[in-house]
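A.B. asks: Sharing a structure with you now.
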Amino acid sequence: MKLFITIIINLLFSVTSMAQSTIVTATVSVKGNCEDCKARIENAADIKGVKNCVWDQTKQAVTVTYDSKKVTLEQIEKSIAKSGHKTANQKQDSAAYNALPECCKYESNKHTK
């Protein structure tokens with residue numbers, strides 16, 4: 001019986017060690033100015049497969065944790081760009097950028113809040 005239990009435990013550990021994690025954390029440049037930008041960027045990145053997203057105003061970057069089987073970093077960046085914020089690899093949607101409050105228009109470097 002002990003041998004059987006040992007074999008089962010070893011089998012479980014070997015199967016677990018063969019499984020590769022698909023959870024990835026990446027940091028990407030994202031332009032913005034204020035707390036409103038932070039909320040908009042983080043909400044835009046809240047798509048299926050994204051586990052966590054935090055934008056840092058000082059670093060002008062977002063750190064995102066996501067499941068690479070469900071979503072790609074490119075899809076996350078595109079979603080953020082659609083909200084009006086330029087990322088490292090995606091140009092912001094012009095209409096969305098123009099609709100941003102004045103304090104959020106990072107291209108003109110105006111920060112009035």
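The values are calculated or read from the model by the stated rules, or taken from the named source; none is laboratory data. Keep in mind it's a predicted model, so treat the numbers as computed, not measured. Heads up, the Cβs are rebuilt from the backbone with ideal geometry, glycines too, and the neighbour counts pull from every protein chain shown.
A.B. asks: Can we say Lys86 is over 9 Å from the mean Cα position of the chain (by Cα), over 20 Å from Cys103 (Cβ atoms) and charged (D, E, K, R)? Lay out the reasoning, then the answer.
C.D. replies: Working: over 9 Å from the mean Cα position of the chain (by Cα): yes; over 20 Å from Cys103 (Cβ atoms): no; charged (D, E, K, R): yes.
Considered against the rule, which asks whether it is over 9 Å from the mean Cα position of the chain (by Cα), over 20 Å from Cys103 (Cβ atoms) and charged (D, E, K, R), Lys86 comes out as no.
Residue-wise test of (1) aliphatic (A, V, I, L, M); (2) out of contact with any Cys (no Cβ under 9 Å at 6 or more places or on another chain); (3) within 14 Å of Lys31 (Cα to Cα).
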{"site": "Lys69", "(1), (2), (3)": "no, yes, no"}
{"site": "Gln75", "(1), (2), (3)": "no, yes, no"}
{"site": "Ser83", "(1), (2), (3)": "no, yes, yes"}
{"site": "Thr87", "(1), (2), (3)": "no, yes, yes"}
{"site": "Asp93", "(1), (2), (3)": "no, yes, yes"}
{"site": "Leu100", "(1), (2), (3)": "yes, no, yes"}
{"site": "Cys103", "(1), (2), (3)": "no, no, yes"}
{"site": "Glu107", "(1), (2), (3)": "no, yes, yes"}
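Yes or no, residue by residue, for (1) modelled with pLDDT under 95; (2) farther than 16 Å from Lys105 by Cα; (3) basic (Lys, Arg); (4) touching an Asp or Glu at 6+ places or on another chain (Cβ under 9 Å):
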| position | (1), (2), (3), (4) |
| --- | --- |
| Val71 | no, yes, no, no |
| Ile76 | no, yes, no, no |
| Gly84 | no, no, no, yes |
| Gln90 | no, yes, no, yes |
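A.B. asks: Scanning segment 56-106 for residues that are part of a helix (DSSP H, G or I) and touching a Lys or Arg at 6+ places or on another chain (Cβ under 8 Å), which turns out surrounded by the fewest Cβ atoms within 10 Å (Cβ to Cβ)?
C.D. replies: Among residues in segment 56-106 that are part of a helix (DSSP H, G or I) and touching a Lys or Arg at 6+ places or on another chain (Cβ under 8 Å), the one surrounded by the fewest Cβ atoms within 10 Å (Cβ to Cβ) is Glu102.
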